Amino acid sequence: MRRFRSGQRLLSASIVFLAVAGCSDIPLTDNPPNSAVPISRDSKFALLQQSCSTCVWAVHNPLYQAPDLSNSAAMESTIIVRATTSATGFQAITLEVTTSQIVECPAFAPDLAPIAFPCGQNAMLVSIDCLGDKTGANIECEYDLEIDNQTLVSYRAIATAVDATTMSSPLITYSYGEPGNGKAKPIWWHTGEADSLGYLDRIRIGYFPDPEYDPNNPLSGNKTYSAFADHVNEIVGRAFFNDDENFAAEYTANRHFFDLWAAPFGGKAPDICVNAYIYNINAKPARQLVSAGVIVHERYYADCSHIEFPPGDGTVYSGSSENGWLMVHESGHFLAGLSDEYDRNKHLSCSQPNNVHESEFDCHGVASLALVNAPTGACTQFPTSKMWRIDEKVDGIGLLEIMDKEIGQKKESSFQKSSRRALDILFGNCQYGNCYPVVNTCAGPTPPS
Ligand SMILES: [Zn+2]
């Protein structure tokens with residue numbers, strides 16, 4: 001387990017017992033959205049730099065785990081808190097942690113029956129003060145807890161600067177352990193602050209284990225759900241909590257628009273690239289809960305995701321050292337409707353705006369959009385597919401586009417020009433209440449990776 005070098009221990013200051021039925025729903029304020037620029041620090045604990053005079057962030061580590069233990073065995077978790085201020089120090093940094101026992105939810109969402117997400121009972125709230133020197137502009141704390149796989153944890157951090165400005169991190173709920181059939185476990189679930197800042201919608205991604213992780217599958221070898229959980233922890237950490245690598249910057253800066261879930265066995269992707277994802281009765285409730293399903297597989301086959309908007313299904317090859325980059329690239333297809341920006345088959349995008357075009361005229365139309373702002377001369381045609389894309393050159397070198405799988409330096413790639421604009425519009429949609437307000441269908445065939 002990694003530690004902040006300068007971390008201060010959090011000590012329990014007060015314990016309050018609550019009797020809570022149903023899911024927690026505690027309203028609170030959030031850091032202001034947008035203007036988010038990643039700062040450099042340990043990838044696992046990427047914390048966002050935002051345009052607030054007093055900022056506070058909190059992240060749990062590991063993000064997800066499901067060791068092969070009995071239900072009541074303890075698993076270690078650490079919640080890391082960091083606060084910054086433009087004032088001359090802090091009055092207080094407080095971490096509120098609520099633990100509760102997972103129970104069946106009441107049937108408040110009939111269209112999700114059987115309901116996949118967890119509710120908590122016998123909630124216990126612990127309010128912890130961050131001790132140590134508060135006179136500086138930065139303070140970091142961490143809090144260790146042990147939970148079993150029936151525990152639901154919700155946390156938020158609140159910072160008050162000496163000038164009395166107060167900021168709160170979003171209320172995040174998580175849980176460890178393998179979800180039961182028909183259920184899902186939250187990895188990164190915003191459960192409280194949605195309405196206070198108009199974050200009315202989020203992109204919900206569910207991670208499903210390929211059958212190869214199922215010990216009951218004769219082809220699984222010695223794999224278990226635990227190995228899948230470790231891979232998901234790695235993929236999610238690299239894609240959404242990563243300030244060190246350029247490809248993750250867009251998702252890391254906008255991770256408050258994502259809820260991430262772990263799903264049980266029962267999902268399967270086609271090994272060949274056809275539109276034939278399967279979710280059986282065990283996995284279907286979790287798939288219905290999320291906007292997009294991701295089949296995680298360690299056995300190699302070429303990743304293949306639908307180009308869809310609204311979102312669909314995709315795969316991520318967990319055995320790759322670039323699995324975080326693959327997650328971001330593939331999700332460009334199945335979350336944003338982006339097409340591949342390399343010369344392969346003829347696949348139209350259905351993103352807004354499109355990033356691949358049938359005509360030079362269409363490409364010029366997107367290039368000239370104010371917030372794309374590319375010279376029309378940057379529109380180039382693929383020799384084989386005859387499709388068009390924006391390929392702006394800076395000093396004769398093309399920009400490293402994430403949707404171009406054939407580039408080198410993948411870790412340095414990012415969403416550029418039209419694909420960046422499509423992501424920005426998507427996140428803006430979420431902020432204003434509906435991530436996917438336009439029903440759009442991609443008529444093209446399923447693309448290769
Ligand atoms: Zn692709």
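Just so you know, all these numbers are worked out from the coordinates, no wet-lab data involved. A quick note: this is a predicted structure, and the numbers were derived from the prediction, not measured. Neighbour counts are summed over all protein chains in view; Cβ atoms, including those assigned to glycine, are modelled from backbone coordinates with ideal geometry.
Once you divide the Cα radius of gyration of the stretch 360-431 by 2.2 N^0.38 Å, the number left is 1.13. Only lysines eight or more places from Lys417 in sequence, or on another chain, were considered; those with a Cα closer than 27 Å are Lys346, Lys386, Lys393, Lys405. In plain terms, the residue of Cys105, Cys130 with the fewest other Cβ atoms within 10 Å comes first and the most crowded comes last, giving Cys105, Cys130. The stretch between Tyr301 and Asp133 holds 55.3 nm of extra length on full extension. This uses 0.36 nm per residue minus the Cα-Cα distance.
At an R0 of 30 angstrom, the distance between the Cβ atoms of Lys346 and Ile407 translates into a FRET efficiency of 0.90. Near Ile407, once Lys and Arg are set to +1 and Asp and Glu to -1 for all other residues with Cβ below 10 Å from its Cβ, the sum equals -3.
Near Thr384: Cβ cut-off under 11 Å, other residues only, Lys/Arg at +1 and Asp/Glu at -1. The net charge is +2.
In a reduced charge model with +1 at each Lys and Arg Cβ and -1 at each Asp and Glu Cβ, the stretch 360-431 shows a dipole moment near 160 debye about its Cα centre.
Among the chymotrypsin sites (Phe, Trp or Tyr not before Pro) in the stretch 256-335, those placed in a DSSP loop whose Cβ has at most 14 other Cβ atoms within 10 Å are Tyr300.
Between Leu369 and Asn280, the modelled labels are 4.2 nm apart [label points 7 Å from Cα along Cα→Cβ]. Highest mean first, the peptides 245-254, 407-416 sorted by other C-beta atoms within 10 Å per residue fall in the order 245-254, 407-416. Listing His329, His231 from fewest to most neighbouring C-beta atoms within 10 Å gives His231, His329. Would you list which lysines come within 21 Å of Lys284, measuring only between C-alpha atoms, while excluding same-chain residues fewer than 8 positions from it? Leaving aside lysines fewer than 8 places away in the same chain, those within reach of Lys284 are Lys183, Lys185, Lys268. Phi angles across the stretch 73-83 convert, under the Karplus curve 6.51 cos²θ - 1.76 cosθ + 1.60 with θ = phi - 60°, into 3J(HN,Hα) values of 5, 7, 10, 7, 9, 10, 9, 9, 10, 9, 9 Hz, Gly and Pro given as x. If you plug the beta carbon distance of Thr376 and Ser53 into 1/(1 + (r/R0)^6) with R0 = 35 Å, you get a FRET efficiency near 0.25. Between Leu219 and Asp163, the C-beta separation translates, for a Förster distance of 60 Å, into a calculated FRET efficiency of about 0.45. With the simple spin-label model, which puts each label point 7 Å out from Cα in the Cβ direction, the Ile397 to Val103 separation comes to 6.0 nm. Here the spin labels are modelled as points 7 Å beyond Cα on the Cα-Cβ line, and at Gln91 and Ala73 they lie 4.6 nm apart.
Sorting His357, His333 by the number of Cβ atoms found within 10 Å of their own Cβ, with the fewest placed first, yields His357, His333.
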